[in-house]
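Below is one structure, written out as structure tokens; the observations come after it.
The values are calculated or read from the model by the stated rules, or taken from the named source; none is laboratory data. The structure displayed is predicted, hence computed values, not measured ones. Backbone-built Cβ (ideal geometry, glycine too); neighbour counts: all protein chains shown. Heads up: the accessible areas ignore ligands, DNA and RNA and are worked out on the full protein's heavy atoms, side chains in. Shrake-Rupley method; radii C 1.70, N 1.55, O 1.52, S 1.80 Å.
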Amino acid sequence: MNSLAEAGRKVADPARVFAVTDHIVDTRSGRTDQTLMPGGQAFITETRAAAKAAGITLFDVNDPDQGIVHVISPELGIVLPGCTLIAPDSHTCTQGAFGALAWGIGSSEAEHAMATGTLRLAKPKSMRVTFTGKLAEGTTAKDMILMLLANHGAAGGKGHAVEFAGEAITALDMEGRMTLCNMATEFSAMSGFIAPDDKTYTYLKGRRYAPGGALWDDAVASWQSLRSDRQASFAQEINIDASKVAPMVSWGTNPGQTIAIDAAVPSEADDRSLEYIALKKGQPIKGVPIDAAFIGSCTNSRLNDLRRASALLKGKKIADGMKAICVPGSTRVKREAEAEGIDLIFKNAGFEWRESGCSMCFYAGGESFAAGSRVISTTNRNFESRQGPNVKTHIASPETVVASAIAGAIADPREIANG
Amino acid sequence: MANPFTTLTSLPMPLIRDNIDTDQIIPSREMKSTGKTGLADGLFAGWRYTEIGGRDPDPDFVMNDPFFSDSRIILGGENFGCGSSREHAVWALVEYGFRAVITPSFAPIFAGNCVRNGILPVVLDSEAIATIEQGGLPVTIDLPEQKVSINEGQSWTFPIDEEAKAMLLDGLDAIDLSLKMADDIAAWQKADQTRRPWIYLGAEQ
Ligand code: SF4
């Protein structure tokens with residue numbers, strides 16, 4: 001916004017631009033504009049001033065609608081089927097779950113979009129990933145997308161817009177669909193999306209910025225046409241049997257370096273990644289001791305994620321000496337979870353319960369996990385030092401993170417659920 | 001506005017690793033300002049300095065080799081610039097003085113960010129890149145001809161889309177380019193608004 005203003009340009013239609021503080025806000029309770037992140041406070045005050053000057057709606061630090069952008073946009077009905085939605089953040093593809101074309105852009109493109117209401121874009125190639133069959137007990141949308149990454153690599157979707165389809169996708173709730181589309185960018189896809197259906201409409205109906213009254217009916221009628229033709233052909237097709245999906249955990253330093261919980265680090269594992277993550281070829285992933293656990297991020301921090309995690313955690317304690325943190329994806333999720341007593345389950349088990357934001361999903365010089373520690377995390381990126389200096393991240397579902405926090409080592413959530 | 005790019009001759013700095021992500025190009029802890037400047041010191045900070053957050057140069061890292069101190073070109077590996085879409089990665093490269101990156105492939109968001117900021121993304125096959133690296137000689141990049149050459153006369157052509165080329169050649173800003181079509185854009189939006197009014201509600205209801 002500032003560089004637009006510096007260039008003497010205006011936001012074309014401020015009503016269609018929204019801003020939120022998420023990456024930079026502190027998530028400890030009683031927060032103010034102050035953050036541990038270098039430059040964070042200045043960023044917050046500058047954003048506030050720029051949003052005001054440009055007439056843009058801002059969900060500020062302690063606004064009841066504040067939260068991670070990809071969590072609050074659906075909550076507020078900002079994303080709608082068939083819309084094009086962009087944000088200067090690579091996980092914008094999360095919102096493709098609503099049948100929107102949503103993708104992450106750089107800041108210059110964001111300026112372009114605000115100044116002109118358009119973007120210049122080369123048409124991506126098309127891909128369909130079909131999940132047939134039914135997910136087994138103890139597995140989730142997170143495991144589905146991690147399985148796709150494990151089988152087809154972190155570059156598998158490069159240059160493609162990916163439609164997720166099939167029985168197992170239709171069966172997911174909207175939150176699961178968001179988890180899945182969230183990691184389309186880890187698959188190097190331009191975006192991921194899912195055709196809208198009744199679940200989509202039910203989720204959006206009555207949300208603040210969704211159409212109301214007669215307009216709602218017109219919109220739904222139009223959205224019903226947003227699906228691939230029966231005879232549609234795709235540049236690439238992938239089929240995955242959802243019943244074969246196991247709880248998945250990353251072993252390496254990119255999200256494609258992922259295996260099933262009962263598998264071992266592959267014999268062809270890349271040495272650089274192994275050296276960083278301090279594991280050996282052939283070593284079973286289950287049982288690797290961990291120092292910390294993180295539940296949060298735009299991947300897995302919505303109400304149903306927290307409900308499922310707390311159901312496993314209820315009445316149990318995390319292992320001694322473990323640092324465990326739960327960060328609701330939005331202030332609304334936090335409120336709703338507290339109304340259900342979910343916060344108490346986390347706190348009684350030994351988790352910290354935070355204000356919403358990106359928090360320790362990423363390290364930017366602010367708060368982080370202890371240098372070199374090993375963290376199991378519901379986030380989407382296991383890059384080197386992503387969650388703190390030399391921190392080793394293992395990404396997994398909320399269920400697997402809870403099971404591991406209790407065990408003090410990477411654990412199979414199906415074993416906890418059964419006893 | 002970026003500096004126009006026509007031709008450039010420089011010794012290329014080899015950093016041939018696959019999947020160099022934007023967090024490695026500039027770690028988020030180094031993005032301390034809200035603007036496009038003040039980032040050059042953070043460029044490749046994780047590799048360039050002996051410790052995280054420190055400023056003591058690690059002599060083993062190529063950027064600290066005085067031989068390459070005037071390099072304006074990076075030779076990279078596959079999928080260069082993957083990961084977070086942060087444009088700071090490109091701003092840091094620009095501020096440090098790089099004008100071109102030659103790799104076998106780029107992450108698309110990163111390549112787009114390069115063009116908008118006056119950095120030329122050149123795609124050559126790994127064999128050509130290996131030849132350039134082993135030669136250890138300056139290369140000349142000729143954008144109008146879409147050609148990379150080394151002194152002995154060996155040369156390779158590279159692809160670039162027309163619009164990106166035009167923008168780089170003139171140092172043009174994409175916003176100026178698009179605003180020339182403001183009338184067409186307005187007409188299209190008006191028609192779309194009749195068809196799908198709900199898309200245009202925004203915060204005004
Ligand atoms: S939660 Fe993590 S991945 Fe998601 S937008 Fe925030 S920093 Fe990015």
| Which is farthest toward the positive dipole end of the range B:143-202 among B:Gly171, B:Gly153, B:Ile199, measuring Cα position about the Cα centre, with Cβ charges +1 (Lys, Arg) and -1 (Asp, Glu)? | B:Ile199
| For the range A:311-361, what does the alpha-carbon gyration tensor say about shape, rounded, prolate or oblate, given a ≥ b ≥ c as the root eigenvalues, a/c under 1.5 as rounded, and a/b over b/c as prolate? | oblate
| note | A 1.4 Å probe over the protein heavy atoms gives the range A:1-104 a carbon and sulfur accessible-area percentage of 54
| said: Give the lysines whose C-alpha is closer than 30 Å to that of A:Lys125, dropping any in the same chain fewer than 8 places away, or say none. | reply: A:Lys134, A:Lys142, A:Lys158, A:Lys199, A:Lys244, B:Lys147, B:Lys165, B:Lys180, B:Lys190
| said: Report the Cα-based extents of the range A:57-102 along its three principal axes, largest first, to the nearest Å. | reply: 30, 20, 16
| query | Quick one: what do you get for chain A if you divide its Cα Rg by 2.2 N^0.38 Å? | reply | 0.95
| query | Hey, what does the equivalent ellipsoid look like for the range B:1-75, semi-axes from the Cα gyration tensor as sqrt of 5 times each eigenvalue, largest first, whole Å? | reply | 21, 18, 12
| note | Averaged over all viewing directions, the convex hull of the alpha carbons in the range A:10-132 casts a projected area in nm² of 9.5
| remark: Heavy-atom accessible area of the range A:179-306 with neighbours in place, 1.4 angstrom probe: carbon+sulfur share in percent works out to 48
| said: If you take the accessible area of B alone plus A alone and subtract the pair, what total do you get in square angstrom, rounded to 100, with a 1.4 Å probe? | reply: 3800
| request: Please check chain B for the longest run free of GluC sites (Glu not before Pro) that are loop-located per DSSP (anything but H, G, I, E, B) and have at most 14 other Cβ atoms within 10 Å. | output: B:52-144
| query | Carbon and sulfur together cover what percent of the accessible area of the range B:90-130 at a 1.4 Å probe radius? | reply | 57
| request: For an R0 of 25 angstrom, estimate the FRET efficiency from the Cβ-Cβ distance between A:Lys134 and A:Glu336 and round to the nearest 0.05. | output: 0.35
| query | Based solely on its DSSP helices, what 222 nm [θ] is calculated for chain A when runs of n ≥ 4 H residues each add -39,500 (n - 2.57) and the sum is averaged over all residues, nearest 500 deg cm²/dmol? | reply | -8500 deg cm²/dmol
| said: If you consider only alpha-carbon coordinates, what radius of gyration and Dmax does the range A:27-84 have, in Å? | reply: 13.4, 39
| request: For the range A:350-419 and the range B:12-35, write down the distance between their C-alpha centroids in whole Å. | output: 24
| field | GluC sites (Glu not before Pro) restricted to the range A:71-153 and DSSP loop, no more than 16 other C-beta within 10 Å | value | A:Glu137
| message | Within the range A:250-399, count lysine pairs with alpha carbon atoms under 25 angstrom apart where the residues are 8 or more positions apart or belong to different chains. | response | 21
| Lys, Arg +1 and Asp, Glu -1 on Cβ, resulting dipole of chain B about Cα centre, debye, nearest 20 | 560
| query | If you take the charge dipole of the protein assembly as shown about its Cα centre, with +1 on Lys and Arg Cβ and -1 on Asp and Glu Cβ, which of B:Leu75, A:Gly156, A:Pro74 is farthest toward its positive end? | reply | A:Pro74
| note | Of the candidates A:Thr27, A:Gly206, A:Ala339, the farthest towards the positive dipole end of the protein assembly as shown (Lys/Arg Cβ +1, Asp/Glu Cβ -1, centred on the Cα centre) is A:Ala339
| Suppose every K and R has +1 on its Cβ and every D and E has -1 on its Cβ; what is the size of the dipole of chain A about the Cα centre, in Debye to the nearest 20? | 80
| Rolling a 1.4 angstrom probe over the protein heavy atoms, how many square angstrom per residue are accessible across chain B? | 45
| note | Computed over chain B: longest principal axis from alpha-carbon atoms vs helix B:126-135 long axis, angle to nearest 10 degrees, is 40
| task | Can you work out the PRE-style zone for B:Asp65? Point 7 Å along Cα to Cβ, and I want the residues of the range B:84-108 with backbone N under 18 Å. | result | B:98, B:101-103
| Taking N as the number of residues in the range B:8-130, what is its alpha-carbon radius of gyration divided by 2.2 N^0.38 Å? | 0.97
| Given a 1.4 Å probe, how much area per residue of the range A:38-132 is accessible, in Å²? | 31
| Which three semi-axes in whole Å describe the equivalent ellipsoid of the range B:74-205, each the square root of 5 times a Cα gyration tensor eigenvalue, listed largest first? | 38, 17, 13
| Ignoring the sites themselves, what is the longest stretch of chain B with no trypsin sites (Lys or Arg not before Pro) in a DSSP loop and at most 12 other beta-carbon atoms within 10 Å? | B:56-179
| Cα-based equivalent ellipsoid of the range A:65-217: semi-axis lengths in Å, sorted from largest, via gyration tensor | 24, 21, 13
| remark: Scaled by the rule-of-thumb 2.2 N^0.38 Å, the alpha carbon Rg for the range B:50-109 gives a ratio of 1.23
| note | Distance in Å, no decimals, from the C-alpha centre of the range A:179-235 to the one of the range A:20-98 is 22
| field | Shape of the range A:231-311, Cα gyration tensor, a/c cut at 1.5 | value | oblate
